Amino acid sequence: MVISNRLATIPDSYFGKTMGRKVEHGSLLLINMAVGIPDGETPKGIIDHFSEALRIPENQKYGAFHGKESFKEAIVNFYERQYGVTLHKDEEVCILYGTKNGLVALPTCVVNPGETVLLPDPGYTDYLAGVMLADANPVPLELEPPDYLPDWNKIDPQVLKDTKLIYLTYPNNPTGSTATQSVFDEAVQRFKDTDTKIVHDFAYSAFGFDDKNPSILASEHGKDVAIEIFSLSKGYNMSGFRVGFAVGNKDMIQALKKYQTHTNAGMFGALQDAATYALNNYDDFLIQQNETFRRRRDTFEAKLKEAKLPFVHSKGGIYSWLRTPQGYNSEQFETFLLQEKSILVAPGIPFGKNGKHYVRISLALDDKQLEEATERLTDLANMYNG
């Protein structure tokens with residue numbers, strides 16, 4: 001097998017291995033609660049606009065490497081409207097071909113080999129690959145229940161001094177925890193006069209059940225310290241479009257843009273037009289998305305609570321973080337649920353060692369499926385309460 005030594009040391013992507021695979025399950029109809037993709041269709045207006053944009057001759061040729069002016073202006077206007085954050089469209093905006101690409105590429109752009117990067121534990125699985133590809137040093141940022149927020153005072157001061165990049169993600173994937181503006185204020189204040197930078201993964205920005213999710217860039221000096229990576233996949237039901245963007249600290253943005261001039265040749269113009277239309281016209285749809293998942297969260301958690309199943313209360317995102325029964329780790333419980341209840345979930349361990357005794361359950365199901373899945377799960381009450 002021909003593979004570089006560096007790539008060989010990187011674990012396989014969990015979701016790369018598992019998405020779309022054929023699974024052997026029990027006698028019941030399979031219910032897939034592992035998928036982190038909202039189940040609704042892309043709004044018709046966005047699809048129609050995309051279809052029209054396909055026919056524009058300009059969109060059938062190479063475009064500007066760093067994106068259309070109209071798309072960048074829509075991003076700037078969206079952030080001003082939604083978060084009160086002012087951005088410079090050329091210096092503080094970088095269009096991404098799916099946010100995962102930006103999250104994984106970032107360490108290569110801004111971190112040197114051997115330098116320390118703090119990764120949330122639990123947190124999104126593929127941050128680690130980006131750090132390892134940059135030959136940097138990944139260190140867990142321990143997040144503890146019930147709120148899963150960073151406690152900077154519990155981290156070794158020397159580790160903090162050596163850290164060049166910190167990943168944060170709120171609403172947190174997988175736990176559903178959220179951050180207030182004061183949480184971001186504290187982080188920015190702590191690192192604003194240091195060499196440490198922050199990347200905030202804002203993929204689930206649309207889903208805040210108690211309060212609207214804040215932007216780290218809205219904190220005073222936020223753009224001096226951080227960039228934020230925003231995805232259209234979840235809020236707009238546009239996961240297949242693979243469109244997102246990074247905004248904030250101009251030095252980090254320019255590094256990402258330089259990297260992209262060597263790895264990409266400009267996003268397909270019709271995709272940019274569709275994303276522009278979404279940002280400019282679908283604020284109300286984001287509110288509807290949030291209400292849909294808030295209702296699902298309320299219904300699902302009420303049933304779990306009634307059955308006395310232990311879970312982390314979700315304040316945002318599209319997941320529930322369920323503790324495993326005594327005697328099961330996350331992978332063992334995943335196998336049990338698949339075989340005995342024909343429910344596919346994501347084990348917690350790929351999200352970090354603090355996920356060892358949890359499974360991530362997606363609420364991206366229609367009402368009928370979610371009701372059936374809830375009944376199957378609450379049938380396990382004796383495993384927890386026996």
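Among 103, 7, which is surrounded by 17 or more Cβ atoms within 10 Å (Cβ to Cβ) and either of a type in the set (Val, Ile, Thr) or part of a helix (DSSP H, G or I) (or both)? Quick ask: steps written out before the conclusion?
Details: 7 fails: surrounded by 17 or more Cβ atoms within 10 Å (Cβ to Cβ).
None of the others qualify; the one that does is 103.
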- Determine whether the range 46-67 contains at least one residue that is touching a Pro at 6+ places or on another chain (Cβ under 9 Å) and either touching a residue at least 24 places away in the same chain (Cβ under 8 Å) or among the hydroxyl-bearing types (Ser, Thr, Tyr) (or both). no
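For every residue, the table says whether it meets (1) at positive phi; (2) assigned to a helix (DSSP H, G or I); (3) surrounded by 15 or more Cβ atoms within 10 Å (Cβ to Cβ).
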| site | (1), (2), (3) |
| --- | --- |
| 293 | no, yes, yes |
| 305 | no, yes, no |
| 314 | no, no, yes |
| 359 | no, no, yes |
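Which one of 188, 199 is among the β-branched types (Val, Ile, Thr), in a strand (DSSP E or B), within 29 Å of residue 113 (Cβ to Cβ) and open to solvent by less than 10 Å² (accessible area, probe 1.4 Å)? Walk me through it before giving the result.
Numbers: 188 fails: in a strand (DSSP E or B).
Selected residue: 199, the only one of 188, 199 that is among the β-branched types (Val, Ile, Thr), in a strand (DSSP E or B), within 29 Å of residue 113 (Cβ to Cβ) and open to solvent by less than 10 Å² (accessible area, probe 1.4 Å).
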- Note on the structure: Exactly one of 286, 322 is part of a helix (DSSP H, G or I) and either modelled with pLDDT of 95 or more or at positive phi (or both), and that residue is 286
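Can you go through 206, 246 and tell me which one is touching a residue at least 60 places away in the same chain (Cβ under 8 Å) and in a strand (DSSP E or B)? Explain how you work it out, then say what you get.
Values: 206 fails: in a strand (DSSP E or B).
The unique qualifying residue is 246.
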- Note on the structure: residue 85 meets each of (1) within 22 Å of the chain's Cα centre (by Cα); (2) closer than 20 Å to residue 260 by Cα; (3) not in a helix (DSSP H, G or I) with one exception, condition (2)
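Being in the same structural domain as residue 208 (by the TED database), in contact with a strand residue (DSSP E or B) (Cβ under 6 Å, 6 or more places away or on another chain) and open to solvent by less than 20 Å² (accessible area, probe 1.4 Å) is true for just one of 337, 322, 256, 344. Which residue is that? Break it down into steps so the answer makes sense when it comes.
On the way: 337 fails: in the same structural domain as residue 208 (by the TED database); 322 fails: in the same structural domain as residue 208 (by the TED database); 344 fails: in the same structural domain as residue 208 (by the TED database).
Selected residue: 256, the only one of 337, 322, 256, 344 that is in the same structural domain as residue 208 (by the TED database), in contact with a strand residue (DSSP E or B) (Cβ under 6 Å, 6 or more places away or on another chain) and open to solvent by less than 20 Å² (accessible area, probe 1.4 Å).
In the range 369-382, which residues are more than 26 Å from the chain's Cα centre (by Cα) and open to solvent by 50 Å² or more (accessible area, probe 1.4 Å)? Full working, then the answer.
Residues of the range 369-382 more than 26 Å from the chain's Cα centre (by Cα): 372, 375-376, 378-382.
The answer is 372, 375, 379, 382.
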- Note on the structure: Only one of (1) under 15 Å from residue 33 (Cβ atoms); (2) among the polar types (S, T, N, Q); (3) open to solvent by 50 Å² or more (accessible area, probe 1.4 Å); (4) touching a Phe, Trp or Tyr at 6+ places or on another chain (Cβ under 9 Å) does not apply to residue 330, and that is (3)
- Query: Restricting the search to the range 10-59, which residues are over 30 Å from residue 268 (Cα atoms), at pLDDT 85 or above and exposed (fewer than 11 other Cβ atoms within 10 Å of the Cβ)?
  - Reply: 29
- Query: In the range 233-253, how many residues are open to solvent by 10 Å² or more (accessible area, probe 1.4 Å) and on the phi > 0 side of the Ramachandran plot?
  - Reply: 2
- Message: If I filter the range 216-226 for residues that are open to solvent by 10 Å² or more (accessible area, probe 1.4 Å) and assigned to a strand (DSSP E or B), do I get at least one hit?
- Response: no
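The values are calculated or read from the model by the stated rules, or taken from the named source; none is laboratory data. In this text, all values refer to a predicted model and were calculated from it rather than measured experimentally. Glycine also receives a Cβ, built like all others from the backbone with ideal geometry; neighbour counts cover every protein chain displayed. Note: accessible area is taken over every heavy atom of the protein model, side chains too, but ligands, DNA and RNA are not part of it. Shrake-Rupley method; radii C 1.70, N 1.55, O 1.52, S 1.80 Å.
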